[in-house]
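Everything on this sheet refers to the single structure shown next.
None of the figures in this text is laboratory data; all of them are computed from the coordinates on show. Predicted model, so just to flag it, every value in this text is computed and none were measured. Neighbour counts run over all protein chains shown; Cβ positions are idealised from the backbone, glycine included.
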Amino acid sequence: MKTTIEIAEPVFRRAKVHSAGHGITLKQFITEAVEEKLRSSSAASGSVERPWMKGFGAFGKTAAMRAETRRIQKLIDEEFEQIETEDRQ
C-alpha cells in the first residue's frame with residue numbers, strides 16, 4: 001500500500017543512512033521498523049493493564065474480567081496480524 005508520511009529531516013537522514021549501510025531499501029527498513037514496534041507494543045500490552053479499562057463496566061469489576069478482556073484483545077490482535085500478513089503476499 002502506498003501512503004505519504006511526514007518524517008523529521010534528521011530522522012529521515014538517519015534512516016536513509018542506516019538502510020543504505022545495511023544494503024536494504026528505505027521502504028524495507030521502515031516496514032521492518034514498524035513491524036518491530038507493533039510486535040513490541042503487542043507484547044507489552046498483553047502484560048500491562050490499560051488504565052482506561054479499570055473504570056468501565058466489566059473491564060473494571062474483577063481481575064478475572066480484565067484478564068478475559070486482555071485474552072480476547074490478544075486474539076483479535078493475532079487475527080489482524082494474520083490478515084495483514086496475507087495482504088502483503
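Below, the figures for the structure above:
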item: Cβ-Cβ FRET estimate between Glu32 and Arg71, R0 fixed at 41 Å, reported to 0.05; result: 0.90
item: Theoretical FRET efficiency, 1/(1+(r/R0)^6), r = Cβ-Cβ of Thr62 and Ala8, R0 35 Å, to 0.05; result: 0.20
